[in-house]
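Comments concern the structure below.
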Amino acid sequence: KPGTLLPLETEILEVALSILRSGQATFHGFGLAQTMREQSGSRSLTGHGTLYKALSRLEEFGLLTSRWEDAAAVEGRPRRRLYELTGEGARMAGSAPAEKAVAPLSRVTSEPA
């Protein structure tokens, strides 16, 4: 259904919450994928394109925010996009699994209703 979280998106939110609880406020896609594989042996990631599409949807729903890493932090590698769990994303990640599977989401837009 449009506006509901996919299982991969739910898993991303749960892992993002565990990263936040470990004291790290931001994460990047590749690091998230590694953590997902380590924590749950995630088989949901068939390719990084799948991950980034899910991250984009979560951002559209207002559950994540993102920004480009500071250029000063980059030494001999490409800049990374850093993601951060929003308060609503943390709430969704911390709610009961049954609720997450069926909870309808409203897309956050900057356009007036």
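The values are calculated or read from the model by the stated rules, or taken from the named source; none is laboratory data. Treat the numbers as computed from the prediction; the structure is a model and nothing was measured. Because the Cβ atoms are built from the backbone with ideal geometry, glycine has one as well, and the counts that use them run over all protein chains shown. The protein model used for the area step is the full one, side chains on, heavy atoms only, and it has no ligands, DNA or RNA in it. Shrake-Rupley method; radii C 1.70, N 1.55, O 1.52, S 1.80 Å.
Structural remarks
- Residues of the stretch 91-108 satisfying the condition of being touching a helix residue (DSSP H, G or I) at 6+ places or on another chain (Cβ under 9 Å) and either open to solvent by 40 Å² or more (accessible area, probe 1.4 Å) or modelled with pLDDT of 95 or more (or both): Gly94, Pro97, Glu99, Ala101, Arg107, Val108
- Count - residues of the stretch 15-41 that are surrounded by fewer than 18 Cβ atoms within 10 Å (Cβ to Cβ) and touching a residue at least 40 places away in the same chain (Cβ under 8 Å): 5
- Which numbered condition Thr4 misses (of (1) open to solvent by less than 50 Å² (accessible area, probe 1.4 Å); (2) among the polar types (S, T, N, Q); (3) closer than 20 Å to Arg80 by Cα): (3)
- Entry remark, the stretch 46-55: residues being at pLDDT 80 or above and either touching a Lys or Arg at 6+ places or on another chain (Cβ under 7 Å) or over 15 Å from Phe27 (Cβ atoms) (or both) number 2 in total.
- Those residues of the stretch 63-84 which are open to solvent by 20 Å² or more (accessible area, probe 1.4 Å) and either among the aliphatic types (A, V, I, L, M) or under 29 Å from Thr4 (Cα atoms) (or both), in sequence order: Thr65, Ser66, Arg67, Trp68, Ala71, Ala72, Ala73, Val74, Arg80, Arg81, Leu82, Glu84
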